[in-house]
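Here's the structure we're looking at; comments come further down.
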Amino acid sequence: MLVNAYSKRVFNLAYQFAGSYQEAEDLTQDIFLKLCGVLPKYDFRRNFTAWLLTLAKNHLIDTYRRTKWEKSHRDEFDEHFASPKAAHDPETGLNQEADRKLIWESLNRLGADTRMAVILRDIQDKSYEEVAEVMGLPLGTVKSRINRGRLQLARFLKEKKEDDHEM
């Protein structure tokens, strides 16, 4: 029941963090296996979704640190995330794919904790309070981390744009 109820949320977080459909599937499975082992420790006074996402976040960061993911691009264009306009206009679809790859390249240059905060806030549209709860950090730290991450992303994107113009 838990997998049916929460797998989409966990998968989306894993996909946005890993940038690879296949890795996200593997990570989601790992997270639910881990959940089976720690479920007896769950405090029923806590919000289950926040607790599960915290478990997922910790697993993703631990995996990142352990394997030192170094992604230069996403595996392949994923039709699940293509806009309807892209389906009718191949040029728009190619531009969106290039933009998406550039954003993921830039996200992958962020540290794991900063990347997680930015993904939760800006991609998953969680409130600052929700991000703080999931990450187990004070609200001010989360806001600072997200702001720093956004500034780093802007710098990475600007550098890439300048590099492209020099070519």
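The values are calculated or read from the model by the stated rules, or taken from the named source; none is laboratory data. As the structure is a prediction and not an experimental result, all values here were calculated from the model. Cβ atoms come from the backbone with ideal geometry, glycine included; neighbour counts cover every protein chain shown.
Scanning the stretch 1-28 for residues that are among the polar types (S, T, N, Q), closer than 27 Å to Arg109 by Cβ and assigned to a helix (DSSP H, G or I) yields a count of 4.
If I filter the stretch 132-155 down to residues being of a type in the set (D, E, K, R) and either loosely packed, with under 14 Cβ neighbours inside 10 Å or in contact with a Ser or Thr (Cβ under 6 Å, 6 or more places away or on another chain) (or both), which single residue comes out as farthest from Arg115 (Cα to Cα)? For the stretch 132-155, the residue satisfying everything is Arg155.
Within the stretch 22-38, the set of residues being touching a helix residue (DSSP H, G or I) at 6+ places or on another chain (Cβ under 8 Å) and either within 13 Å of Leu52 (Cβ to Cβ) or acidic (Asp, Glu) (or both) comprises Glu23, Glu25, Thr28, Asp30, Ile31, Phe32, Lys34, Leu35, Val38.
State which residue is farthest from the chain's Cα centre (by Cα) when the search covers only the stretch 120-167 and only residues that are polar (S, T, N, Q) and in a loop (DSSP other than H, G, I, E, B).
Ser127
For the stretch 28-42, the set of residues classified as among the hydroxyl-bearing types (Ser, Thr, Tyr) and more than 15 Å from Asp62 (Cα to Cα) consists of Tyr42 only. The residues of the stretch 27-63 that are buried (at least 19 other Cβ atoms within 10 Å of the Cβ) and either farther than 17 Å from Ser7 by Cβ or outside the structural domain of Ala5 (by TED's automatic domain parsing) (or both) amount to a single one, Thr63.
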